[in-house]
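Beneath this line is the structure, given in structure tokens, with notes to follow.
The values are calculated or read from the model by the stated rules, or taken from the named source; none is laboratory data. Fair warning: this is a prediction, and the values are worked out from it, not measured in the lab. For neighbour counting, all protein chains shown are included, and Cβ atoms are generated from backbone atoms with ideal geometry for every residue, glycine included. Areas reflect the complete protein model, heavy atoms only, side chains present, ligands, DNA and RNA absent. Shrake-Rupley method; radii C 1.70, N 1.55, O 1.52, S 1.80 Å.
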Amino acid sequence: MFASECECHDGLHVFTEFVVCEIVDEDGNPFEPGRPGLIAGTSLHNMGMPLIRYTFNDVAVRSERACACGRTLPLLEGLATREEDILVAPDGRMIPPVILSWGFRLIHGVRRAQLVQHSPDRLLARFETEEPISPEDEAEFRRSLRGKFGEGMTFEIERVDEIPLSSRGKYRRVISTVPLRWGSVETPNLYDDEGD
């Protein structure tokens with residue numbers, strides 16, 4: 001942990017006493033502020049095993065603006081992960097899939113589950129199960145999603161015999177083609193199924 005929100009909840013302050021945080025491209029070249037790139041961190045407090053320009057597939061935008069709280073620590077915006085696509089709520093909030101995984105357990109007998117999003121106001125949940133989904137389980141799952149996405153989202157729930165693997169043979173829990181927006185910056189979802 002080397003960055004955190006303040007009371008303004010408007011970006012993440014980087015703790016420069018503990019880390020040098022860079023935003024870089026795939027080859028480690030630094031990006032200018034306002035452009036999304038990989039986070040590369042160099043620890044300043046781990047003397048036993050120093051990590052230098054360590055990247056861990058998270059993406060952010062370095063901001064040049066000052067936070068209203070008055071702190072002068074640098075700001076990061078739009079933190080996301082490249083391990084999976086990011087879901088987008090109708091109000092524009094980006095929702096990392098990891099916080100939704102517990103909701104999959106609300107459906108009994110699930111082998112695999114997948115969320116598919118092609119527009120900000122519609123979400124398809126596919127469940128690979130041996131038996132039909134009970135109305136009670138479906139209602140509980142809908143309630144859990146509504147709590148994260150709000151009232152503007154339409155949910156479809158589909159039981160399937162098998163969730164297809166990607167072209168590289170990977171099981172993807174989330175597929176989203178909805179662009180990600182950080183202020184005036186917009187990028188496509190960054191998960192690359194063709195990568196490692």
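Points worth noting:
- A 1.4 Å probe run over the chain, with the rest of the protein chains in place, finds 57 Å² accessible per residue.
- Portion, in percent, of the accessible area of the chain that falls on carbon or sulfur, probe 1.4 Å: 51 percent
- Between the beta carbons of R65 and R93, assuming R0 = 30 Å, the FRET efficiency works out to 0.90 to the nearest 0.05.
- Cα-based Kirkwood hydrodynamic radius, the stretch 1-96, one decimal, Å: 14.2 Å
- Positive-pole candidate from I175, F127, L51, dipole of the chain, charges at beta carbon: L51
- Low-density loop positions, chymotrypsin sites (Phe, Trp or Tyr not before Pro), the stretch 131-180 - DSSP coil, at most 13 other Cβ in 10 Å: Y171
- Using a Förster distance of 35 Å, the FRET efficiency for D10-F56 (Cβ separation, nearest 0.05): 0.90
- Relative contact order of the chain, taken over Cα pairs closer than 8 Å and 6 or more residues apart, is 17 percent.
- Difference of contour (0.36 nm per residue) and Cα-Cα distance, E158 to E131: 8.5 nm
- Acute angle (nearest 10 degrees) that the helix 135-149 long axis makes with the longest principal axis of the chain, alpha-carbon atoms: 20 degrees
- Difference of contour (0.36 nm per residue) and Cα-Cα distance, F31 to T72: 12.7 nm
- (i) 18.2, 59; (ii) 19.0, 56; (iii) 20.3, 61, with the label sought being that of the calculated Rg and Dmax of the Cα atoms in Å: (ii)
- Sum of -39500 (n - 2.57) over DSSP H runs of 4+, divided by residues of the chain (222 nm, nearest 500): -3000 deg cm²/dmol
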